[in-house]
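Some notes on the structure that comes next.
Where a number appears in this text, it was derived from the coordinates with a stated rule and is not lab data. Everything numeric here is computed off the predicted structure, so don't read it as measured data. Glycine gets a Cβ as well: all are built from the backbone with ideal geometry, and neighbour counts include every protein chain shown.
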Amino acid sequence: MRPYVLLVASVAALGGLLFGYDTGVISGAILFISKDFSLPTHLQEFTISVVLIGCILGAAVAGTVADRIGRRLTLLVAGIIFLIGALVSAFTPTEGVLLAGRFVVGIGIGFSSVVAPLYISEVAPANVRGALVSLYQFAITVGILGAYIVDYVFARGGDWRAMLGLAVVPSLILIVGMIVMPESPRYLFKIGHDSRARDELTRIAQTGDDSEREERSIVESLKVKSPGFSAFKAPAVRLALFIGVTLAVLQQVTGINAVIYYGPQIFQMAGISSASASIFAQALVGTVNVLMTLVAIFLVDRVGRKPLLYVGLSGMFVALAALAVAFTQPHLTGSLGTIALVSMMVYVGCFAFSLGPIVWLLISEIFPLPARGLGMSMSTLANWVGNFLVSQFFLTMTNKLGRPATFWIYGVLCIVTILFVRSMVPETKRELLEQIRVRPA
Ligand code: BGC
């Protein structure tokens, strides 16, 4: 792979870093924000969830924006939105302005979650596309872990403004980076800037033959003229949308953010009584999440997307079943507590090399070029709605249905995901983007 391609993908992946950081940082910051502004419970909850409302809105419009002004400029805009959101949140005089700042941050996350994987998959050579889009997921996990660490460091002084404000640094790097990064060659062909597009393809491709082959298939795919939503009249594009939206929802309803957002509470349910020990355990979860994403980076273009999904989802199922069984006991003492802790690590580790990166990868791959921006937008929107529902209702579910039933539901949904992948999802390993076709097996 050319170092140039790695650089382009790494700069775009900063969008993922901010996604992870800004979703993770609030869990520690909220303790001090509520004290400073004397927030009642409902306002505390809203301060946490307002970012997700911004994400939903940002994801809904990002695809259209990326089709209008290009992938590069949209990521640049995302960087500016992140910057404004971080500054407003950090310097806010009131809770109301803080809510506005966090909403703006959410729009930035929504934008980058659509455009960063889309842009990376469009600049990546086919044989390393999986690794490069997984780099985006890697950045998300580093962002989440970074947020836990920053929260921990600033918790002593209760400095929540610094926690929220630190996002300024990666935002600035993203902005400067995207000013100098190239536009996606696929987008350039789409808007008819063929000679610039050709130059970009040659800079990215491994050999001259590769770039010619790629150009032919891009030009061929653009012969179907169907702007905007009319592209979704074609049955194959509708099927891709069904697959994209379903995968995106399944990534959430199998429960990952119950662990990412409520980890410390689950650890306390599992018998770790001190707050600092459960925050430490959560940092371990964050580390497992980062390290196991490397497995995807190394394997996704070698063994393929579907085998990794099968192995990862099976592991997630086993871990959830173990959690469900352990939680049938009212008190998890001794080895049961250990089983619960290990199960959580296994669950997150298995997600990290499968459903985490591969859903973002697949939804950036399965749409034909004319429908890619909108298709990616709608799938990502569904992902954020799923995220919102799981995070809003996790504690209610454990109270109303009980902990075992909650974990069983996530587990059964892992099996549903395996069956869905088997019957509906194409293997896209090493295929040129334009040659990927969805069809039910
Ligand atoms: C998911 C996020 C999740 C993160 C955890 C991402 O792929 O979309 O919702 O928090 O992985 O690493």
> If r is the Cβ-Cβ distance from T328 to A283 and R0 is 30 Å, what FRET efficiency results, to the nearest 0.05?
Replying inline: 0.60
>> How high is the relative contact order of region 277-390? Use alpha-carbon pairs under 8 Å, at least six apart in sequence, and give a whole percent.
In response: 33
> In deg cm²/dmol and to the nearest 500, what is the mean residue ellipticity at 222 nm of the chain if only DSSP H runs of at least 4 residues count, each as -39500 (n - 2.57), divided by the residue total?
Replying inline: -27500 deg cm²/dmol
>> Based on alpha-carbon centroids, what's the gap between region 346-393 and region 1-49 in Å, whole number please?
In response: 18
> Relative to the present Cα-Cα distance, how much length would full extension add between S273 and R2 at 0.36 nm per residue of separation?
Replying inline: 92.6 nm
>> Looking at region 133-191, I'd like the Rg to Rh ratio, where Rg is from alpha-carbon atoms and Rh is Kirkwood's inverse mean 1/r.
In response: 1.17
>> 7 Å from Cα along Cα→Cβ at both S49 and E431: what's the point-to-point distance in nm?
In response: 3.9
> Using a simple spin-label model with points 7 Å from Cα along the Cα→Cβ vector, what separation in nm is obtained for L172 and L294?
Replying inline: 3.0
> Applying 1/(1 + (r/R0)^6) with R0 = 22 Å to the Cβ-Cβ distance of L401 and T41, what FRET efficiency is obtained, to the nearest 0.05?
Replying inline: 0.50
> Between exposed GluC sites (Glu not before Pro) in the chain, where DSSP calls loop and at most 16 other Cβ atoms lie within 10 Å, what's the longest gap?
Replying inline: 1-426
> Computed over the Cα atoms of region 47-143, what is the convex hull's projected area averaged over all directions, in nm²?
Replying inline: 6.4
> Considering lysine pairs in the chain that are 8 or more places apart or on different chains, how many have Cα atoms under 28 Å apart?
Replying inline: 11
> For region 1-108, what mean projected area does the convex hull of the alpha carbons give, in nm²?
Replying inline: 7.6
> Tell me, in nm to one decimal, what length is gained between R156 and I179 on full extension, where the rule is 0.36 nm per residue of separation less the Cα-Cα distance?
Replying inline: 4.5 nm
> Label E220 and M424 with points 7 Å out from Cα along Cα→Cβ: what is the distance between them in nm?
Replying inline: 2.8
>> Using only the alpha-carbon atoms, how far is helix 3-24 inclined from the longest principal axis of the chain? Give it as 0 to 90 degrees, nearest 10.
In response: 30
> Over the chain, what is the mean sequence separation of C-alpha contacts under 8 Å (at least six apart), divided by residue count, expressed as relative contact order in percent?
Replying inline: 23
>> What do you get for trypsin sites (Lys or Arg not before Pro) in region 133-233 restricted to DSSP loop and a cutoff of at most 10 other Cβ within 10 Å of the site's Cβ?
In response: R156, K223, K225
> Dimensions of region 191-270 along principal axes (Cα, Å, largest first)?
Replying inline: 60, 34, 19
> For R203 and V61, what does the FRET efficiency come to when R0 = 25 Å and r is the distance between their Cβ atoms, rounded to the nearest 0.05?
Replying inline: 0.25
> With the chain treated as a Gaussian network of Cα nodes joined by springs under 10 Å, which of F103, F189, F351 yields the largest mean-square fluctuation?
Replying inline: F189
> Is the shape of region 80-228 rounded, prolate or oblate, going by the alpha carbon gyration tensor and its root eigenvalues a ≥ b ≥ c, with a/c under 1.5 for rounded and a/b larger than b/c for prolate?
Replying inline: prolate
> In square nanometres, what is one fourth of the surface area of the convex hull spanned by the alpha carbons of the chain?
Replying inline: 19.7
